[in-house]
1. Out of all the residues in region 35-51, which are part of a helix (DSSP H, G or I) and surrounded by fewer than 16 Cβ atoms within 10 Å (Cβ to Cβ)?
2. When you scan region 49-67, do you find a residue that is among the charged types (D, E, K, R) and at pLDDT below 70, even just one?
3. Only one of (1) over 22 Å from Glu83 (Cβ atoms); (2) over 14 Å from the mean Cα position of the chain (by Cα); (3) open to solvent by 80 Å² or more (accessible area, probe 1.4 Å) fails for Thr11. Which number is that?
4. Please find, within region 35-64, the residue that is farthest from Thr23 (Cα to Cα) out of those that are within 18 Å of the chain's Cα centre (by Cα) and of a type in the set (D, E, K, R).
5. Tally time: how many residues in region 15-48 are without any contact (Cβ under 8 Å) to a residue 12 or more places away in the chain and farther than 17 Å from Asn78 by Cα?
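The values are calculated or read from the model by the stated rules, or taken from the named source; none is laboratory data. Values in this document were obtained by computation on a predicted structure and should not be read as measured data. Cβ atoms come from the backbone with ideal geometry, glycine included; neighbour counts cover every protein chain shown. Just the protein is used for accessible areas: all its heavy atoms, side chains included, with ligands, DNA and RNA removed. Shrake-Rupley method; radii C 1.70, N 1.55, O 1.52, S 1.80 Å.
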Amino acid sequence: MTTEQQPEAATAVFLQTVSAAITQLKQRLQQDYEQAYPGLGEIIHLVLDAEEEKAWELSLFPHLVLPDLVEAHVAKLNLQPAETKHDDLPVPHRFFEIPTSQPALALCG
């Protein structure tokens, strides 16, 4: 592989990864909203597709903006956002658990 081909390969891998993340996220959102609003599965599917398209237009990281776009669209339909808490998702570092009462040492000089 030449140096010129490496960025193209990295871009392809990046797009595949983001596409997989979007697919997984859409499946979770579909399940969450169908659970909150049984019988509206087709409407939810249409909302997810429309907002995915907007998310791709707004960002190279559409999976980060998709939930907010869907929530805003659902609000326009006079529905409440679905509960989307999942215990199986990675938990971010808990900064609040870092002890803050310990003195810090700073050397100036």
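1. Let us first name the residues in region 35-51 that are part of a helix (DSSP H, G or I), namely 35-36, 41-51.
Within region 35-51, Gln35, Gly41, Glu42, Ile43, His45, Leu46, Asp49, Ala50 meet the criteria.
2. Applying the first criterion (among the charged types (D, E, K, R)) to region 49-67 yields 49, 51-54, 57.
Then keep just the ones that are at pLDDT below 70; that gives none.
Within region 49-67, not a single residue is among the charged types (D, E, K, R) and at pLDDT below 70.
3. Among (1) over 22 Å from Glu83 (Cβ atoms); (2) over 14 Å from the mean Cα position of the chain (by Cα); (3) open to solvent by 80 Å² or more (accessible area, probe 1.4 Å), the lone unmet condition for Thr11 is (3).
4. Filtering region 35-64 for residues that are within 18 Å of the chain's Cα centre (by Cα) and of a type in the set (D, E, K, R), the one farthest from Thr23 (Cα to Cα) comes out as Glu57.
5. Final tally of qualifying residues: 9.
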